[in-house]
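The values are calculated or read from the model by the stated rules, or taken from the named source; none is laboratory data. Just so we're clear, the structure is a prediction, and the values are computed from it rather than from any experiment. No Cβ is skipped: glycine too gets one built from the backbone with ideal geometry, and neighbour counts run over all protein chains shown. Only protein heavy atoms, including side chains, enter the accessible area calculation; ligands, DNA and RNA are left aside. Shrake-Rupley method; radii C 1.70, N 1.55, O 1.52, S 1.80 Å.
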Amino acid sequence: MDTTATFNISSAGSTFVNVVDAATLQTGTSHYMPYSIPSPTVALNNLASLHSFYIHSHSVPVNWAIHAAAVPILKVSILLLLAVATAARGATGKTIKTAATSLPSLPSQYAHLFSTDAGLAIAAAYVAYYTTLSPSVGTFAMAVFGAEWLTARLVLAAVGRRRAIMVGAVGVVATEAAMIVGHHAWEGTPQAIVAGPAAAIAAAPLCMQLDVAIWAGWMPPVATALAATA
């Protein structure tokens with residue numbers, strides 16, 4: 001079966017081919033209830049297409065609320081685990097002297113708070129990607145990913161590597177379980193990653209939080225642009 005979806009980037013006049021799991025992008029029957037899956041054609045270079053794909057399976061209020069709460073926790077948990085695995089290792093249990101004697105000494109683990117790690121690199125790549133779709137959404141993504149990355153690093157510094165592994169693992173398992181229940185018990189659709197892996201990887205890290213921001217009335221121009229293409 002052909003599993004490719006082709007789309008055009010008008011600004012460059014070039015055609016790109018992205019692999020999408022078309023076999024799972026067809027109407028089918030869930031183990032729990034019937035579901036309707038979005039169209040297999042998702043333009044990865046178009047914000048409205050990505051948003052429509054993702055929100056299509058998050059339209060029931062209970063499932064939407066579950067994801068609105070769970071997605072940020074899941075992202076911080078993943079960033080925390082990436083930080084544990086790749087961030088610079090600092091000494092623990094000691095203090096470092098600040099330049100000014102009037103300032104208190106700081107726990108040494110905070111000296112490495114802003115060291116780079118794999119999570120920061122991935123977050124930066126996503127911010128760059130969303131910026132190409134919409135500069136204003138790119139700015140929003142920078143704020144969201146930056147806050148989440150900093151939260152993960154603060155947790156790591158506060159609890160240490162061993163406890164951070166447990167915190168991150170529990171966060172991933174708990175949020176994934178909650179979202180699976182939301183999809184099958186209320187929405188009646190599979191998770192986006194099942195419906196279309198490539199599109200889900202592109203959309204899931206931001207589209208739910210973008211939808212929350214739109215719902216809160218924070219981004220009227222983006223809301224207007226998305227509504228016009230709905």
Check: What about residue 176, is it surrounded by fewer than 18 Cβ atoms within 10 Å (Cβ to Cβ), in contact (Cβ under 8 Å) with a residue 60 or more places away in the chain and part of a helix (DSSP H, G or I)?
Finding: yes
Check: Within the bounds of segment 95-106, is there any residue that is open to solvent by 60 Å² or more (accessible area, probe 1.4 Å) and at pLDDT 90 or above?
Finding: no
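Taking residue 44, is it assigned to a loop (DSSP other than H, G, I, E, B), modelled with pLDDT of 85 or more and either touching a His at 6+ places or on another chain (Cβ under 6 Å) or under 25 Å from residue 149 (Cβ atoms) (or both)?
Answer is yes for this residue.
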Next item on the list: Go through segment 189-218 and give me each residue that's assigned to a loop (DSSP other than H, G, I, E, B) and modelled with pLDDT of 90 or more.
Entry: 204, 205, 206, 216, 217, 218
